[in-house]
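Report on one structure; see the data block that follows.
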Amino acid sequence: MYSQGLIGSGSENEESEAFLARFQARIDAEEKIEPNDAMPLAYRKTLIRQIGQHAHSEIVGMLPEGNWITRAPTLRRKMALLAKVQDEGGHGLYLYSAAETLGVSREEMTEELLSGRAKYSSIFNYPTPTWADIGMIGWLVDGAAIMNQVPLCRCSFGPYARAMVRVCREESFHQRQGYEIVMTLAEGTDEQKEMAQDSLNRWWWPALMMFGPHDADSSNSDQSMLWKIKRFTNDELRQKFVDATVPQAEKIGLKIPDPDLKWNPEKNDGAGGYDFGALDWDEFWRVVKGGGPMNRDRIAARKAAWENGRWVREAALAHAAKREERAATAKVAAE
Amino acid sequence: MTYAQPIKTAFVETLITLGDDHLILGHRLSEWCGHAPMLEEDLSLPNMALDLLGQANNLYSYAAELEGEGRSEDDIAFLRNARQYRNLLLVERPNGDFAHTVLRQLYFAAAMQPFWQATLNCSDERLNGFAGKAVKELATHIRHCGEWVIRLGDGTDESAQRMRKAVEELHIYTDELFQPNAAMRICVEAGLIADPAAQRDIWNTTIATIFKDAFLQVPEIAFPQQGGREGLHTEALGHLLSELQYMQRTYPGMTW
């Protein structure tokens, strides 16, 4: 449930022009905003939405990779994958904690996810039919996540920025691990190479979509940039990702599935960069709105875990209450 | 260390037997990842699974080395048939609900922790190293799962009933924890491992202490189930292996 903190805190702030100007001046001076500081309600709401979505993405993100834990091909890969998926759960936990500092509870956020009111990254609505997908998620999906998240280490909201420092360190390890899985396939038999290429064909465009709509169509971007929650636009980050990833694919002999991809020396103020083809925004919006291949399965899996675990959570609370009661009775008896 | 026959064969088989326990139980725990009753358990269950898989990896690697026939730890883990696995029946039992999972883990850890503790006094240095690690890890498994057994046994009516059901279904597999197979008995005689049978009293005390706080009864078992140590498994193992071995069987001989 929402705590009183959230409900009260917005209305307590007299959002006068002077207050908003003082707040913006702190942001402009690169001061970190901390949970007990006065902040505009819209800033608080934006962060709750964004950190909540980010936490949900980590939790739902455990599912596509979790799909291969019991089938990982070697003991080493199995342990690394299990540890990786566990890391994602850990990221979810820090992020929920960071959001809780803004006055929203984890239970409330979970209910929002399960009811479909809160979103999570659409990339996790694609399936992982082959082992190569585990490598591809590490390389491309974690790679794209890092592009998004490294600037968040400098986000104006302190708890989020600090959570991101650790998350980014782990994500960067995951990205290298994923690339190493793909590289091993690319150096393997024809069947393995084919498995890797097929997987890249399926994940490339969804990975580019992870950066969100074009800047012109992104409703939340401008204000978030002003508040220094965001430091780069969606299109800037997408371009950085393409420029970093294309040479990595070339190095291991995989082909990016984009006939329009070509080097453009004029790009990035003359430093050079890749031109790339148009994204299929119909697909993007279809998946965001629930029409992707795995949306229903992902939410069903989270609902099942939540519902099947209810009796366990209730038992833990009941036991804690009983212990407290017994301790109180024992204390009275001793007196 | 080098060992002469018949000790060498018995020791390799024993390392594989112990590795099988850890691999199969680690596999079962790993099935929970992403589906646990709360986020904290989505972290704890994989932690315990990683401890077990790490031990399996160590035990198989050592077995492969001692054997010296060119098998790798992965060959041992992935390329045997169900009849060749020597794990306890207890560890292959399906996860069931959370009550079953924590109880199964408690039963196993409460027997293996004193086993590894006693194995620290045995003569093989390499195995002692594994034992030292296992003693610490399994102590945390006993604590974590023991606390859950108490919480569930002394929680709500529903949780208490589920906990009793788990005891009823799993206790019949616990006798086997204390029954070494022929290879293990040779290793016990040779001073390479502790005697699993000698850990029964410690196990009884641990379980009795936890069950008292959990308001659970230790049941009388008319027909204890065993056979895993001889490769005679329940039907659950074959299905587990078909997942575990999928990649190695589908794409033989490839590097991953």
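Just a few scattered comments:
- In the range A:80-106, the residues that are crowded, with 21+ Cβ neighbours inside 10 Å, facing another protein chain (nearest Cβ under 7 Å) and under 17 Å from residue B:31 (Cβ atoms): A:82, A:85, A:86, A:89
Rundown of residues vs (1) within 30 Å of residue A:75 (Cβ to Cβ); (2) assigned to a helix (DSSP H, G or I); (3) in contact with a strand residue (DSSP E or B) (Cβ under 7 Å, 6 or more places away or on another chain), yes/no style:
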position: A:159; (1), (2), (3): no, yes, no
position: A:163; (1), (2), (3): no, yes, no
position: A:166; (1), (2), (3): yes, yes, no
position: A:171; (1), (2), (3): yes, yes, no
position: A:179; (1), (2), (3): yes, yes, no
position: A:199; (1), (2), (3): yes, yes, no
position: A:203; (1), (2), (3): yes, yes, no
position: A:216; (1), (2), (3): no, yes, no
position: A:232; (1), (2), (3): no, no, no
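- Exclusive hit being at the interface with chain A (Cβ under 9 Å from one of its Cβ atoms), at pLDDT 95 or above and over 23 Å from residue A:314 (Cα atoms), set B:39, B:50: B:50
- Top-ranked residue of the range A:298-335 - restricted to ones that are touching a residue at least 40 places away in the same chain (Cβ under 8 Å) and not small (Gly, Ala, Ser), ranked as farthest from the other protein chains (Cβ to nearest Cβ): A:299
- Residue check, residue B:225 among the polar types (S, T, N, Q), away from chain A (no Cβ under 14 Å), surrounded by 13 or more Cβ atoms within 10 Å (Cβ to Cβ) and in contact with a helix residue (DSSP H, G or I) (Cβ under 7 Å, 6 or more places away or on another chain): yes
Residue by residue, here is whether (1) open to solvent by less than 40 Å² (accessible area, probe 1.4 Å); (2) at negative phi; (3) of a type in the set (A, V, I, L, M, F, W, C) holds:
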{"site": "A:243", "(1), (2), (3)": "yes, yes, no"}
{"site": "A:295", "(1), (2), (3)": "yes, yes, no"}
{"site": "A:316", "(1), (2), (3)": "yes, yes, yes"}
{"site": "A:333", "(1), (2), (3)": "no, yes, yes"}
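- Qualifying position, being under 30 Å from residue A:23 (Cα atoms) and modelled with pLDDT of 95 or more, among A:164, A:109: A:109
- Residues of the range A:248-276 that turn out to be part of a loop (DSSP other than H, G, I, E, B), surrounded by 14 or more Cβ atoms within 10 Å (Cβ to Cβ) and not aliphatic (A, V, I, L, M), as a count: 5
- Qualifying residue in the range B:115-125 (condition: touching a helix residue (DSSP H, G or I) at 6+ places or on another chain (Cβ under 7 Å), at pLDDT 95 or above, open to solvent by 50 Å² or more (accessible area, probe 1.4 Å) and not small (Gly, Ala, Ser)): yes
- Residues satisfying the stated conditions in the range B:72-94, i.e. open to solvent by 20 Å² or more (accessible area, probe 1.4 Å) and within 13 Å of chain A (Cβ to nearest Cβ): B:72, B:73, B:74, B:75, B:79, B:94
- Any hit, the range B:100-109, residues being open to solvent by 20 Å² or more (accessible area, probe 1.4 Å) and either over 17 Å from the mean Cα position of the chain (by Cα) or farther than 24 Å from residue A:70 by Cβ (or both): no
- Matching residues, the range A:62-76, being open to solvent by less than 10 Å² (accessible area, probe 1.4 Å) and in a helix (DSSP H, G or I): A:62, A:64, A:65, A:69, A:75
- Candidates in the range A:21-61 are the residues that are polar (S, T, N, Q) and part of a helix (DSSP H, G or I); of these, the one that is surrounded by the fewest Cβ atoms within 10 Å (Cβ to Cβ) is A:24.
- Taking the criterion of being open to solvent by 60 Å² or more (accessible area, probe 1.4 Å) and within 19 Å of the chain's Cα centre (by Cα), the only residue of the range B:1-17 that qualifies is B:13.
- The range B:228-256, subset in contact (Cβ under 8 Å) with a residue 24 or more places away in the chain and touching an Asp or Glu at 6+ places or on another chain (Cβ under 8 Å), residue nearest to the other protein chains (Cβ to nearest Cβ): B:248
- Looking across the range A:169-196, the residues that are surrounded by fewer than 17 Cβ atoms within 10 Å (Cβ to Cβ) and either among the acidic types (Asp, Glu) or away from every other protein chain (no Cβ under 14 Å) (or both) come down to A:169, A:170, A:172, A:173, A:176, A:180, A:187, A:190, A:191, A:194.
The values are calculated or read from the model by the stated rules, or taken from the named source; none is laboratory data. Just so we're clear, the structure is a prediction, and the values are computed from it rather than from any experiment. Methodologically, a virtual Cβ is constructed for each residue, glycine included, from the backbone with ideal geometry; neighbour enumeration extends over all protein chains shown. What goes into the accessible areas is simple: the full protein's heavy atoms, side chains included, and nothing from ligands, DNA or RNA. Shrake-Rupley method; radii C 1.70, N 1.55, O 1.52, S 1.80 Å.
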